[in-house]
Every structure is written in structure tokens, then in C-alpha cells.
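As C-alpha cells, the structure follows; a few thoughts come after it.
The values are calculated or read from the model by the stated rules, or taken from the named source; none is laboratory data. Quick caveat: nothing in here was measured; it's all calculated off a predicted structure. Counting neighbours? That spans all protein chains shown, and the Cβs are built from the backbone with ideal geometry, glycine included. Protein only, heavy atoms only, side chains kept; ligands, DNA and RNA dropped before computing areas. Shrake-Rupley method; radii C 1.70, N 1.55, O 1.52, S 1.80 Å.
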Amino acid sequence: MESLKKIDSEVFNCNRCGNLVEKFMNTSTVYLGKDNNLIIVGEAPANNGWRKSQMLWKNPEGKILPSGVVLQKLFAIINRDIFETTFLEAVKCYPQNRKDLKVCSKNCKPIMLQQLAILKPKIIITLGEAPTRILLNIEFKRFSDVVGKVFDMQDYKVIPIYHPSPVSPLSYKGNVPIFEKIKELI
């Protein structure tokens, strides 16, 4: 998709966040799956994942990251494979400090929205609070107030899930009922 390549070129030449981030080193900021009906939107490139390995959900040695293992189990519920699912990050570069995520997300939001307009998904799964806040642009006090709910946007549905990091006690168990709901939607 030529228009996605043009956006990637803009990302690679962007300096809006200055020294708050390490630049994304891959050739594309969108991982294209088999189709774009269901898209995963993550927070930002993982420190030891895609940005260094150039392989989605894998570390530089090619081993599946713990978050990928959890997410793959969840995707089995909907008979999908994470390696065949379109994926993009809300924040395109790696924020060196989590406190800068908010600034970086504001800078990257127009880029993410352009990418989604090109991809035309029907359902977007947001991984955790940060991409949910960026995409929904609604006020909520606790992430648990919105997680698992289906938000009808103009062109697609957004479904926030708990981040699949095994550090979170809800990464798998808390997401299973959400994926049962997603299975009914697709």
C-alpha cells in the first residue's frame, strides 16, 4: 500500500518528540495481516520486541515474547493467529521514559488515524489503557470502567482489553470473557 509507505516515510523523518524517543528502525510501522477487518493497536514499540527484532511479537533471537504468548492464547478463542493479524502502535517510536508517553501519543495520534483510515478495520482491539485513551478520546477514571466494552466509532468498533503482559494478573483471565464477546462480533 503506497499510502502507508508515504506515512512511514513521514514517521521516519519526524522529530516532534525530539530526544524523548528512540526512532523506529523497521521498514514499516504497520504489520499487515491476512485482512484488516480486525486490527490490534498497541501502546508503543516494546523495548526488546518489534523495534529491535523486526519481527512482530518476537525478541531479537526470534523467541515469542511473553505478551505474544498470552495474546496468542486469547486469539485462539476467536480462531485467529496474532502473526496473521494487522498490527500497529499508537505511538510510533520508543519513548525512553513512560512519563513522556502522553506527549508522544498526542504527536502520533494523527498518524495513527491516517493509518486506520487507509486500513478500514471493522474491529480494533486496543492493548491496555494508553492506546485506548488515544483512540477513544473519552474521559474515564479507571481503565476497568471501559475495558471489554464495545465502542461504536464512526467507521469501526473499538474494544479495549487488558494488556497481555503476564505481569498483569488480568492479562489472560480478565481478557477471556472479552474474547468470547469478540468471537460473537466477528
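Name the single residue, out of those in region 172-186 being part of a loop (DSSP other than H, G, I, E, B) and at pLDDT 95 or above, that is surrounded by the most Cβ atoms within 10 Å (Cβ to Cβ). Applying the filter and picking the extreme gives ASN175. Annotation: of all residues in region 51-75 being polar (S, T, N, Q) and not in a helix (DSSP H, G or I), the one that is modelled with the lowest pLDDT is GLN54. Quick one: is LYS141 more than 29 Å from GLU22 (Cα to Cα) and of a type in the set (D, E, K, R)? So LYS141 fits the description; yes. Among the residues making up region 21-43, those that are open to solvent by 20 Å² or more (accessible area, probe 1.4 Å) and part of a loop (DSSP other than H, G, I, E, B) are LYS23, MET25, THR27, SER28, LEU32, GLY33, LYS34, GLU43.
Let me confirm something: among VAL11, VAL21, VAL69, which residue is in contact (Cβ under 8 Å) with a residue 40 or more places away in the chain, hydrophobic (A, V, I, L, M, F, W, C) and within 26 Å of LYS120 (Cβ to Cβ)? Don't jump to the end; show me each part of the working.
Working: VAL21 fails: within 26 Å of LYS120 (Cβ to Cβ); VAL69 fails: within 26 Å of LYS120 (Cβ to Cβ).
Within the list VAL11, VAL21, VAL69, the selection yields VAL11.
Residues in region 1-24 that are in contact with a helix residue (DSSP H, G or I) (Cβ under 8 Å, 6 or more places away or on another chain) and over 13 Å from GLN114 (Cβ atoms): ARG16, CYS17, LEU20, VAL21, GLU22, LYS23, PHE24. On inspection, GLY128 fails the criterion of being at positive phi and in contact with a helix residue (DSSP H, G or I) (Cβ under 7 Å, 6 or more places away or on another chain). If the condition is being under 18 Å from ILE118 (Cα atoms) and of a type in the set (A, V, I, L, M, F, W, C), then region 25-68 contributes VAL30, LEU32, LEU38, ILE39, ILE40, VAL41.
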